[in-house]
Structures are given as C-alpha cells and as structure tokens.
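This report refers to the structure that appears directly beneath it.
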Amino acid sequence: MAETGSRIARDVFGTLPDGRAVERVTLRGEAGFEARIITFGAAIQALIAPDAAGRCDDIVLGYDDLDGFLRERKFFGASIGRYANRIANARFEIDGNVVQLAANNGPNALHGGPDGFDRKLWQITGLGEAPEPFVTLRYASPDGEENYPGRLDVSLTYRITGPAELSFAFAARTDRPTVVNLTNHSFFNLEGAASGYDIFDHRLTLFADHFLAIDPTAIPLPEPPRAVAGTPFDFRQAAPIGARIRNDDQQLRHGKGYDHNFCLPNDRVLKLAARVEAPRSGRILELLTDQPGLQFYSGNYLDGSIVGKQRRLVRQSDAFCLEPQVWPNAPNRPDFPSPRLAPGEAYRNQIVYRLLSAGGGS
C-alpha cells in the first residue's frame, strides 16, 4: 500500500475484466479508526473502529477482494444512484414525459436499475490530508443511462471529521430536468463483520415519529405516513432490533422484517437521525443526515448464499442498513419530498457516521 501521508494510503484493490484498475484509499482517524474506500461503486470496503476496550475490528459487511464485488451485486458499502430505493412499476413522469425504466425488483425499479452507480468505476479527483484526510470521487452519468433523462455529474467526498467520524457529501448537477436520490448502502454489524454475532440485540433509536407503510412489493401505500406509536416501528426509545421483528404485523410481513422509510423533517439541516448500540463491544454508531428520509433495513434478504469477509457465509440478521435518502417512489408521489433536479440547481446530501463507545467518547 503506497503511503501518500501519515493519515492517507492509496493502493490498487484489483482489476476489472476490461483491464481498468480499481483503487483503494484508506483514510485514518485516531485509535485505529480507518475508512477504506474503493473506486468501484465508490464503496466503503471496510470501516475499522475501536470497541470500548480499544480493540479494533471491521464493522461493515462486504468482501476482502474485488472478485466478490464483481461476482455478486449485493450493494455492500456502495454508493447508490441515480435513484436509491424503489420506483413503482419502473416508470415516472417528468414535465409531461413518461420515463420507462428497467424493472429489476419485481415490477419496480430498484437502486438505479440493473447497472446503477454501484457498478461503475468512479474516478479520484481529489486527495489530501489538510485540514482533514479526504478523498473526492466523481462519476459522470450520460444522458439516457438506465433511461434516466439528462447528464448527471456526481461528486462524492469522504472525509475524516473527528477521531472516529466519517463524513461524506454527495453533490450533483444536471443539464436536463431529472430525478436524483443518492445514498450509501453500508451493512453494519457493530460487534464486527466476522464476529458471528447477529444484530438483533443491537439497541436502535430512530428519531422519527412516522414511517411509510408499504405494499407487498415494498412500494409505499397511497396514504399519508403512519405514526410509529403503538407499532413495532416505534424506536423513539432505544429497543433491540429483534425485540418485535417477529410480531404478527402486516407491515413486518410485507417487508420480511424491517425495510421501511422513516420520515424525518424536510428541512435539509444536518441532524441526528439514528443511534445504534452494540451490547458486547460497546460500540455506538450515530448517524446524522440532512435528508428527509431514512430507510431502515434489517438484512432480511441475506440468505446464506453469499460468501463475505474471512470466507464467512452472510445470513439473515448478520447486519442492518441505515440509508439516508429521499422517500421511495417520490417521482410518482407529489405529496412526498421532491427528488427533481433542474439545470442550474445543485443536489446536496450530507451523511455522518460517528463511532463512539459505551462510557466514553469517540
């Protein structure tokens, strides 16, 4: 691994079938905290964090080499676009024009289609240590890619902003009216990616009073957001992820667990949206976002068919996801926060992963 500074390293992670190199950049915080970013999918390949006793471990699922990412599209750590989550019936209208997308999740379009941003090779356009270790990546999506209108120029900067804090910022511009919804899709297990412990006893707090009920294809129902009060979706006070996941609840049946958008204030202000505590390691993850929604996914479709890090099979309950974003199917729902982006406007999305430990700080 070639060093470019005491808090940054850069090396080659692998080679694509067409011969292009996939690079990896390591950004270092304090006490062993590291974020390892690869240019394939602008993905977080590893996130190393200390536990309450100072022992460091990787807390995100994924693969140890590029072959895993190429072999299976499971979105581990990936940057998702152009549209994260689902668009009903793989179609929407913009300015009176119908846009027909590829259906890659039953009848719906999911995570940018069959060849979304998570399958693209992003380019490193910035790298440095001052004032904090950072890397900037860029991807230019041509007009008509996956049938989305307009060229979309996307940049993403990962930055170490605290002793054990990874912040990242998406920005995008277009030359035609289009829809944009970007996010990161890391799969977390705060006990360690290869620890063998499940995430059902992780204590989750979600700072949301409402969520979107879904149909059996995970599209929001044609109704206003539902109050979480009195439902298995009430995480306003910390509760184990698994405490109510097997309740006889229609929404849990539709999602095969939790796979729902929680509604946050649509004020575009960076705020604490979620907090997760691991009982054994004492690791705590705080997630801050300026987006109006947070998709909470409890890993329901991890079925043991994937071989992940350290040659371990990845099974249901091995990880959870917290994906800040615009609400699912918003292009077809004028009552939802708008994902529309027009020429001259700038799309922005800020996310912070802050790692703490029980009884202490970051």
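The values are calculated or read from the model by the stated rules, or taken from the named source; none is laboratory data. Remember, it's a predicted structure, so these values are computed and weren't measured experimentally. Cβ atoms come from the backbone with ideal geometry, glycine included; neighbour counts cover every protein chain shown.
For ASP175, are the conditions met, namely being acidic (Asp, Glu) and in contact with a Gly (Cβ under 6 Å, 6 or more places away or on another chain)?
When the stated conditions are applied, ASP175 passes them.
Would you check if THR161 is in contact (Cβ under 8 Å) with a residue 60 or more places away in the chain and not in a loop (DSSP other than H, G, I, E, B)?
Spelling it out, THR161 is indeed in contact (Cβ under 8 Å) with a residue 60 or more places away in the chain and not in a loop (DSSP other than H, G, I, E, B).
In region 310-319, which residues are modelled with pLDDT of 95 or more and either within 11 Å of PHE76 (Cα to Cα) or loosely packed, with under 12 Cβ neighbours inside 10 Å (or both)?
Answer for region 310-319, where residues must be modelled with pLDDT of 95 or more and either within 11 Å of PHE76 (Cα to Cα) or loosely packed, with under 12 Cβ neighbours inside 10 Å (or both): just ALA319.
Could we say that ILE94 is under 24 Å from GLU323 (Cα atoms), touching a residue at least 60 places away in the same chain (Cβ under 8 Å) and touching a strand residue (DSSP E or B) at 6+ places or on another chain (Cβ under 9 Å) here?
When the stated conditions are applied, ILE94 does not pass them.
Test of understanding: among SER79, SER6, which residue is in contact with a strand residue (DSSP E or B) (Cβ under 7 Å, 6 or more places away or on another chain), among the hydroxyl-bearing types (Ser, Thr, Tyr) and touching a residue at least 40 places away in the same chain (Cβ under 8 Å)?
Being in contact with a strand residue (DSSP E or B) (Cβ under 7 Å, 6 or more places away or on another chain), among the hydroxyl-bearing types (Ser, Thr, Tyr) and touching a residue at least 40 places away in the same chain (Cβ under 8 Å) holds for just one of SER79, SER6, which is SER79.
Being of a type outside the set (Phe, Trp, Tyr) and within 25 Å of LEU47 (Cα to Cα): is that true of ALA130 here?
yes
Going through region 80-102 one residue at a time, which ones are under 30 Å from THR15 (Cα atoms) and within 21 Å of the chain's Cα centre (by Cα)?
Result: ILE80, GLY81, ARG82, TYR83, ALA84, ASN85.
Is there a residue being surrounded by fewer than 18 Cβ atoms within 10 Å (Cβ to Cβ) and in contact (Cβ under 8 Å) with a residue 60 or more places away in the chain anywhere in region 291-304?
Checked against the condition, which is being surrounded by fewer than 18 Cβ atoms within 10 Å (Cβ to Cβ) and in contact (Cβ under 8 Å) with a residue 60 or more places away in the chain, region 291-304 yields no hits at all.
Which residue pairs have Cβ atoms under 7 Å apart, sit 6 or more places apart or on different chains, and have a first residue in region 214-236 that is part of a strand (DSSP E or B) and a second that is surrounded by 12 or more Cβ atoms within 10 Å (Cβ to Cβ) and acidic (Asp, Glu)?
Cβ pairs passing all conditions: ALA227/ASP209.
In region 37-55, which residue that is in a loop (DSSP other than H, G, I, E, B) and closer than 14 Å to LEU356 by Cα is nearest to the chain's Cα centre (by Cα)?
ASP51
Which numbered condition in (1) part of a loop (DSSP other than H, G, I, E, B); (2) more than 24 Å from THR161 (Cα to Cα) is the only one that HIS260 fails?
Just one mismatch for HIS260, condition (1).
Checking the conditions here, which among ASP11, ASP18 is part of a strand (DSSP E or B) and either farther than 20 Å from PHE188 by Cβ or of a type outside the set (A, V, I, L, M) (or both)?
Testing whether each residue is part of a strand (DSSP E or B) and either farther than 20 Å from PHE188 by Cβ or of a type outside the set (A, V, I, L, M) (or both) leaves just ASP11.
Restricting to region 92-117, name every residue that is touching a helix residue (DSSP H, G or I) at 6+ places or on another chain (Cβ under 9 Å), of a type in the set (Asp, Glu) and not in a strand (DSSP E or B).
ASP115 - this is the single residue of region 92-117 that is touching a helix residue (DSSP H, G or I) at 6+ places or on another chain (Cβ under 9 Å), of a type in the set (Asp, Glu) and not in a strand (DSSP E or B).
State the number of residues belonging to region 56-91 that are assigned to a strand (DSSP E or B) and closer than 20 Å to THR217 by Cα.
The total comes to 5.
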